Amino acid sequence: MYFQDSAGVLARAVPPQKAFGSRIRELRLLAGMTQDDLAERCGLFRTYMSRLETGQANPTLTMIHALATGLSVPVAQLFEPAGQATSTAVAAPKAPRPNRGRVR
C-alpha cells in the first residue's frame with residue numbers, strides 16, 4: 001500500500017499492526033515500564049507483548065482495552081500516531097518483583 005506524502009512523493013504506508021505496536025511501545029516507555037511490567041498489568045505473557053510491539057500480533061478489542069488500562073490512558077490514545085506521546089501515561093508503581101531467574 002502506498003500514499004502520497006505532503007511533498008507529493010509516493011511512500012510506503014506503515015502496516016497498521018506495526019503502527020499500533022510502535023505506539024504501545026512508545027506509551028510503555030513513557031510510563032517507565034518494561035515489557036514484563038506491562039504484560040503483568042494486562043495479564044499477558046511478555047512474549048505476546050513483544051509480538052504486539054513488533055506488529056506480529058493482532059490484539060482483540062478486549063486486549064486493546066486491557067492495554068489502555070495497563071498504560072492508564074484512554075483507548076483512543078492508543079491509536080494516535082507514534083511520536084505524538086502525551087504525558088497522560090502514568091508511571092507504574094514500582095513493587096518488588098520475585099526473582100524469575102533473570103539477570104538484570
**Prompt:** Does THR54 satisfy the condition of being at pLDDT 95 or above and loosely packed, with under 15 Cβ neighbours inside 10 Å?
**Reply:** yes
**Asked** What number of residues within region 19-56 are in a loop (DSSP other than H, G, I, E, B) and in contact (Cβ under 8 Å) with a residue 24 or more places away in the chain?
**Response** 6
**Request:** Can you work out which of the residues in region 57-69 that are among the polar types (S, T, N, Q) and in a helix (DSSP H, G or I) is surrounded by the most Cβ atoms within 10 Å (Cβ to Cβ)?
**Result:** THR69
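The values are calculated or read from the model by the stated rules, or taken from the named source; none is laboratory data. What you see is a predicted model, and the numbers here were worked out from it, not measured in a lab. Positions of Cβ are generated from backbone atoms using ideal geometry, with glycine treated the same way; all protein chains shown enter the neighbour counts.
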